[in-house]
Amino acid sequence: MARKILILILGFSLIYSACEKKNSIESLYRDAEKMEGDILKSATTIAQYRSNCEKILLEAPESDLAPLACYKLAKLNEVFGHYEAAVEFYQKLLVQYPEHPMCAEGLFNTAQIYQLHLNKNDDAITAYTQLAHFYPDEKVTNQGLMQLGQLLSETEKWGDAVYYFQTIVEKYPGQPICDDLYFRMGDVFQHKIKDPTKAIEMYRMVVEKYPTSSWMKFAQQRLKTLQQGAN
């Protein structure tokens, strides 16, 4: 828990832009900065930290600090296991500040909460899908696509799973995970979708593009079996 809170503290340094209501809002921010060193020691300090962020949202929602304060409130609730409240703040961030750089991470965190803590896989799939659609070029989107493909596989939505796995290998061809995804897609086409032609195509990608892959031997075996069956 202490490590998670320390991560939260380090991240708070992101709040640096000037806001329109300088006197009151900047004062709140300075107070919050002073509390960073003591935030692990006192519940009162954490409560004040929360209060300062809430006041920024309430009194200066148009300021540059407001979306960051919103994200920090979401993260604070997430760290302490208040997952429903965390989701509410992440959603507030997305609705009110959709262009802010933290939105992609907020949406990814929302999906993770649904998937890992609230057992709401359908909502997680929706959040990951929104991440892929609205923030396709963000760093967290690649990981979100992986989680989305995995969730779709677990719910036996094989065609959709393959679509997102294919998106990853096409968009991030240099990722170390690509050979695994090609083999996984070959397995889905072979055993779930029952499309041997597409399965052969996927296994060939492993053999031709990733000769040092740990999946090479298995891909070759699958290719041999499928080609013999075709003949």
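Only helices (runs of 4 or more DSSP H) whose full extent lies in segment 38-98 are considered here, and the ones with at least 3 residues that are within 24 Å of the chain's Cα centre (by Cα), more than 24 Å from PRO136 (Cα to Cα) and touching a residue at least 40 places away in the same chain (Cβ under 8 Å) are 65-79. Residues in segment 202-219 that are in contact with a Phe, Trp or Tyr (Cβ under 8 Å, 6 or more places away or on another chain), over 16 Å from PRO173 (Cα atoms) and not aromatic (Phe, Trp, Tyr): MET216, ALA219.
Residues in segment 94-115: is at least one in contact with a Phe, Trp or Tyr (Cβ under 6 Å, 6 or more places away or on another chain), crowded, with 21+ Cβ neighbours inside 10 Å, more than 24 Å from LEU151 (Cβ to Cβ) and not charged (D, E, K, R)? No, segment 94-115 has no match at all.
Keeping to segment 142-166, report how many residues are β-branched (Val, Ile, Thr) and modelled with pLDDT under 95. Spell out how you get there, then give the answer.
First pass over segment 142-166, keeping only residues β-branched (Val, Ile, Thr): 155, 162.
Checking which are modelled with pLDDT under 95 leaves us with 155.
Matching residues across segment 142-166 total 1.
The values are calculated or read from the model by the stated rules, or taken from the named source; none is laboratory data. Since the model is a prediction, treat every value here as computed from it, not as a measurement. Every residue, glycine among them, receives a Cβ derived from its backbone with ideal geometry; neighbour counts consider all protein chains shown.
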